[in-house]
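First up is the structure itself, then whatever we jot down about it.
The values are calculated or read from the model by the stated rules, or taken from the named source; none is laboratory data. These figures come from a predicted structure and were not determined experimentally. Positions of Cβ are backbone-derived with ideal geometry, glycine not excepted, and every protein chain shown enters the neighbour counts. These area figures cover heavy atoms from the full protein model, side chains too; ligands, DNA and RNA do not enter into them. Shrake-Rupley method; radii C 1.70, N 1.55, O 1.52, S 1.80 Å.
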Amino acid sequence: EAMAVYEEATADAEAIDYKKGLAKLYNNLALIHTERGDYAKALEGFTEATRFEEELGNTEGIAQGLNNIGVVFYYQGEYDKSMDYFLQSVKVHEGMGNMQSAKQGYNNIGAINEALGRHQEALKFYRSSLDIALELEDRLEIGQAYNNIAGAYSSLENWSEAEDFFRKAIETNRANNDNYSLALNY
């Protein structure tokens, strides 16, 4: 039902060249296609939505569109394309000063690299995430970043670095009273 309503609204918005509405409508249609697993249509929709956001100069919309395209490529198992779009999204967020979103993007790119066995590359992105978390004084994310870095070093069998970062994570998570993260660290 939502698809039918969005398609009708899209036709109306196209008739009056309502770009802001078209950006949102194409995004929402693409979300439905993503949920249905119709990734080709999802990519078309997110690409159109991002194009309209670019025409409008809406940097937040551009960053979200690039991220959404990255998500679709991720679901398709096209991890390198996915990371390219995530990185583009991160750069837009950084350009707008939205460091919270940039931090999360770097963390996601690190996690994909780690899952692919690219531990050195994962470390690079996890460290970028840590740097931003430290700058923002985001104690919860600092603990998570330490844990992620420790895990990557552990995968590289660099036990001394892994232990050092696990200890930093434990100290940070203890100070945060974050028992769930502490359990993961231990």
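Things worth noting here:
- Among 170, 16, 142: highest mean-square fluctuation, GNM of the chain, C-alpha pairs under 10 Å: 16
- Fluctuation leader among 43, 156, 87 - the chain, Gaussian network, Cα springs under 10 angstrom: 156
- Here the ratio of the Cα radius of gyration of segment 25-79 to 2.2 N^0.38 Å is 1.04.
- Highest-MSF residue in the chain out of 64, 104, 76 [GNM, Cα springs under 10 Å]: 76
- D_trans [Stokes-Einstein, Kirkwood Rh over alpha-carbon pairs] for segment 113-186, 20 °C, 1.002 mPa s, µm² s⁻¹: 178
- In this calculation the C-beta distance from residue 116 to residue 160 is compared with R0 = 30 Å, giving a FRET efficiency of 0.75.
- Between residue 5 and residue 183, the distance separating the two model label sites (each 7 Å from Cα on the Cα→Cβ line) works out to 4.0 nm.
- Using a probe of 1.4 angstrom and keeping all protein chains present, the accessible surface of segment 86-186 works out to 52 square angstrom per residue.
- In this entry, the chain is assigned a mean projected area of 11.8 nm², taken as a quarter of its C-alpha convex hull surface.
- Only helices enter the 222 nm calculation for the chain: every DSSP H run of n ≥ 4 contributes -39,500 (n - 2.57), and dividing by all residues gives -28500 deg cm²/dmol, rounded to 500.
- Partners for residue 103 among lysines (Cα-Cα distance below 23 Å; same-chain residues under 8 apart left out): 81, 91, 124, 168
- Anisotropy class of segment 1-106 from Cα gyration tensor, a/c 1.5 cut: oblate
- Axis angle, to the nearest 10 degrees, between helix 19-36 and the longest C-alpha principal axis of the chain: 60 degrees.
- When a 1.4 Å probe is rolled over the protein heavy atoms, the share of accessible surface on segment 42-186 that falls to carbon and sulfur comes to 46 percent.
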